[in-house]
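**Q** Pasting a structure here, questions to come.
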Amino acid sequence: MSKETPDTHPLVVVIRVRSGIGLRQEAEETLSLLSLSRVNHAVVLDKRPTFLGMFQKAKDAITWGEIDAPTLSRLLRKRGRLIGNKPLTDEYVSKHSKYKTIEEYAKALVALKEPGISLPKLKKVFRLHPPSKGFRGSLKRTIQQKGELGYRGEDINALLKRMS
């Protein structure tokens with residue numbers, strides 16, 4: 001594990017914030033493997049070293065950080081879609097898992113009681129709105145340079161709230 005991503009949260013959310021224009025071919029292929037084909041699309045992944053290496057390759061177009069249970073439940077409730085563009089509901093979660101609500105399922109995911117988002121027919125890509133009041137910094141600079149790209153830790157939760 002890298003120093004900048006401690007193992008306190010097992011789930012990471014990755015958001016594509018830049019288009020592929022002028023992007024290296026290697027980074028574009030990595031984004032394709034992560035299923036991030038469009039701007040403002042997000043995926044929730046675990047913290048395998050393989051994924052962390054992929055984030056580093058695509059760092060010029062994405063931002064990522066650890067997601068907490070309330071934000072994950074909000075993301076699943078507002079932006080979770082089943083095949084056929086149907087919204088994810090508590091009834092679907094209780095029917096296809098051992099949890100009764102989306103909030104219980106999100107807490108179990110963050111606490112590692114579930115191996116990952118594994119509901120049948122749930123799309124793995126979350127289509128988000130642009131953030132309300134826009135991005136705070138430049139889309140060409142990293143977080144350390146007062147921009148929007150790269151690893152942002154738990155601050156990703158605030159960005160997700162503005163985007164969902």
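**Q** Which whole-Hz couplings ³J(HN,Hα) result when phi for each residue of region 62-70 is put into the Karplus expression 6.51 cos²θ - 1.76 cosθ + 1.60, θ = phi - 60°, listed in order with x for Gly and Pro?
**A** Per residue, the Karplus-derived 3J(HN,Hα) values read 10, 10, 8, x, 7, 9, 9, 5, x Hz.
**Q** Something else now. Return the long-range amide H neighbours of Leu149 (sequence gap of 5 or more, or a different chain), with a cut-off of under 5 Å between placed amide H atoms.
**A** Correct list: Arg141, Thr142, Ile143.
**Q** What distance in nm separates the two pseudo spin-label positions at Ile143 and Lys86, each 7 Å out from Cα along the beta-carbon direction?
**A** Spacing of the two 7 Å Cα→Cβ label points: 3.7 nm.
**Q** Using a Gaussian network model on the chain with a 10 Å cutoff between Cα atoms, which of Glu148, Glu66, Glu104 fluctuates the most?
**A** Comparing Glu148, Glu66, Glu104 in a Gaussian network model of the chain, the most mobile one is Glu104.
**Q** Taking a cut-off of 28 Å between Cα atoms, list the lysines near Lys146, but don't count ones fewer than 8 places away on the same chain.
**A** Lys3, Lys47, Lys57, Lys59, Lys133, Lys161
**Q** A further question follows. What does the charge count near Lys113 come to, summing +1 for each Lys or Arg and -1 for each Asp or Glu among other residues with Cβ under 12 Å from its Cβ?
**A** It works out to a net charge of 0.
**Q** Using modelled backbone amide H atoms (1.01 Å from N, in-plane), which distant-in-sequence or interchain residues come within less than 5 Å of Leu11's amide H?
**A** For Leu11, whose amide H was placed from the backbone, the distant partners under 5 Å are Ile67.
**Q** Counting only residues 5 or more places away or on other chains, whose amide H sits under 5 Å from the amide H of Gly20 once H atoms are built in the peptide plane?
**A** none
**Q** How much net charge surrounds Glu91 when only the other residues with a Cβ under 13 Å from the Cβ of Glu91 are counted, with Lys and Arg +1 and Asp and Glu -1?
**A** Summing Lys/Arg as +1 and Asp/Glu as -1 gives +3.
**Q** So if R0 is 25 Å, what FRET efficiency would Ser37 and Lys133 give, r being the distance between their Cβ atoms, rounded to the nearest 0.05?
**A** Efficiency at R0 = 25 Å is approximately 0.45.
**Q** Also, quick follow-up: Given labels modelled 7 Å from the Cα in the Cβ direction, how far is it in nm from Leu23 to Ala111?
**A** 3.6
**Q** Still on this model: Most mobile of Thr63, Thr50, Thr142 per a Gaussian network model of the chain (Cα springs, under 10 Å)?
**A** Thr50
**Q** Then there is this: Cα convex hull of the chain: how many Å³ per residue? Mind showing how you got there, number by number?
**A** Numbers: hull volume 17.8 nm³, N = 164.
Dividing the Cα hull volume of the chain by its residues yields 109 Å³.
No value in this document is a laboratory result; all are computed from the given coordinates. This structure is a prediction, so every number in the text was calculated from the model and none was measured. No Cβ is skipped: glycine too gets one built from the backbone with ideal geometry, and neighbour counts run over all protein chains shown.
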